[in-house]
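Every number in this text was worked out from the coordinates using simple rules, so none of it is lab data. Source: prediction; values computed, not measured. Cβ placement follows ideal geometry from the backbone for every residue including glycine, while neighbour counts extend to all protein chains displayed.
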Amino acid sequence: MQANGHIIPCIDLARLFFSRGLKVTIITTHLNVPLISRTIGKSKINIKTIQFPSPQHTGLPEGCENSESALAPDKFIKFMKATILLREPLEHVLQQEQPNCLVSDMFFPWSTDSAAKFNIPRIVFHGLGFFPLCVLACIRQYKPQEKVSSYTEPFLVPNLPGEITLTKMQLPQVPQHDKVFAQLLEESNESELKSYGVIANSFYELEPVYADHYRNELGRKAWHLGPVSLCNRETEEKACRGRESSIDEHECLKWLQSKQPNSVVYVCFGSMTVFGDAQLKEIAMGLEASEVPFIWVVKKGAKSEGEKSEWLPEGFEERIKGKGLIIRGWAPQVMILDHECVGGFVTHCGWNSTLEGVCGGCSMVTWPMYGEQFYNAKFLSDVVKIGVGVGVQTWIGMGGGEVVKKDVIEKAVKRIMVGDEAEEMRNRAKEFGNMAKRAVEVGGSSYNDFNSLIQDLRSRAH
Ligand code: UDP
């Protein structure tokens, strides 16, 4: 696991295994330990570190041990290549520990063979739900994008329930300048088919049609154990999840408590998106014009409070005092989304954020950018019907792309926060949120699927 959006749910999953009485060891490299330790909290989960290959071997600067520290395209490819060198140290740990099962991220395709060497089953964890997994599999298999004549012509995703349409512009683009990433994705797919199965970060009631399709039509072995973020029950656990927050949790809660139930919109674009000044300015103006109280997480230039940011409109911070809270850096997202005063979420539709928004009972503005986020956006707007699009149509990678204007943002925020449609969406989201909580309780669908996983592993061992 290498990116925050992969590391954090993986740790949640480890905590879930631990809470069900299993012995768990997390294998990582030294520089990722602080984030993991914070997120583990009080659980007695073992962390075993292996050495990340040295800069002489990787061509990376010192300190690049996760994809967040290697976001520039040239570093990213080197980083991906470097992770292949983790194979030997991982095998050494497997030999020492002899676990009953290895759960590893999709970007470690070689770990299926590593585990097989020691007769250990490998399970893949993408951190995704069934809908994006099904779309990815169907597009990979049928290549409908090769049958359209332009990037904007819609096509139906073949062999997928629900008449889902996409365009070529919305599909993940593999960097052209290097084949390493494309090859890694290919290997990831092949290794998934050879692995023991897949753990989905989802719950059955959210997407029964796609859970069944993935298993029965696409023939994949899978267990749904999510939402894994629900293993964070106490406020403190939610506040400590991931990186260190850039805001004191008590201050944040105090601010939220001064608001009406469901009145606040939370705006955050995941752990990696850094918008340019022009886009930030439009977001600021759009939020102000909507007149909806907001918490807005800005990754750019995490400046200390009170300091002026050149991308903010003149006098913005004075005008929004009490009405808007800007968090520069890292926000305790799950804690915020779970608060009763938060009723809406403007999201980039990373699957974790998507699911965390569902758990928090939020209606959502979908603003997808990269990865499989356009699929997740479709899921929110067309399948579960708790989201509306901001109108972006093109896969753009992290940041960049065409600037979404203030008026569009204002309209979208009002649409999910004010009026009958907003209330309907939020009520639906709240129902899903309640189902999610039941799914992970004793006897719930995710709880029971965990038992199936353990039974499967036991029967394999005999
Ligand atoms: N996150 C957070 N605070 C932030 C930004 C992100 O806690 O300021 C967490 C969020 O709760 C989620 C993860 O980081 O669990 C981001 O994963 P996601 O799949 O939504 O997006 P990615 O960052 O992978 O694009």
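Odds and ends about this structure:
- Residue-wise HN-Hα coupling along segment 146-155, computed from phi with Karplus coefficients 6.51, -1.76, 1.60 (Hz; x: Gly, Pro): 7, 9, 9, 8, 8, 5, 9, 6, x, 9
- Ranking of TYR196, TYR151, TYR447, TYR214 by neighbouring Cβ atoms within 10 Å, starting from the fewest: TYR151, TYR447, TYR196, TYR214.
- Model label sites at ARG87 and ALA182, defined 7 Å from Cα along the beta-carbon direction, differ in position by 2.1 nm.
- Size of the chain as Cα extents on the principal axes (Å, biggest first): 64, 49, 45
- Taking amide H atoms as placed 1.01 Å from N in the peptide plane, the amide H of VAL264 lies under 5 Å from those of VAL342, GLY343, GLY344, each 5 or more residues away in sequence or on another chain.
- Sequence-distant residues sharing a close amide H with LEU325 (under 5 Å, placed H): PHE294, ILE295, TRP296
- With K and R counted +1 and D and E -1, the other residues having a Cβ less than 11 Å from that of GLN2 yield a net charge of -3.
- Here segment 14-122 is described by how far its Cα atoms reach on the three principal axes: 42, 33, 21 Å, from widest to narrowest.
- Taking amide H as placed 1.01 Å from N in the peptide plane, ILE27 has its amide H under 5 Å from the amide H of LYS48, each at least 5 places away in sequence or on another chain.
- Gap separating the Cα centres of segment 265-303 and segment 78-143, nearest whole Å: 35 Å
- Surrounding net charge for TRP351, when Lys and Arg each add one and Asp and Glu each subtract one, Cβ distance under 14 Å: -4
- Calculated from backbone phi, Karplus (6.51, -1.76, 1.60) coupling profile of segment 197-209 in Hz, x at Gly/Pro: x, 10, 9, 9, 8, 6, 10, 4, 5, 6, 8, x, 4
- When each of LYS42/LYS238; LYS300/LYS406; LYS259/LYS437; LYS194/LYS378; LYS378/LYS430; LYS42/LYS299 is checked by Cα-Cα distance, pairs over 21 Å: LYS259/LYS437; LYS194/LYS378; LYS42/LYS299
- 10 Å beta-carbon shell around THR39, net charge (K/R +1, D/E -1): +2
- Of all lysines in the structure, the ones whose alpha carbon falls short of 16 Å from that of LYS405, not counting any fewer than 8 places away in one chain, are LYS281, LYS414.
- Counting beta carbons within 10 Å around each of ILE283, ILE386, ILE47 and listing the fewest first gives the order ILE47, ILE283, ILE386.
- Added length on full extension, which subtracts the Cα-Cα distance from 0.36 nm per residue, GLN95 to PHE118: 7.6 nm
- Cα gyration tensor, segment 358-461 - rounded (a/c under 1.5), prolate or oblate: oblate
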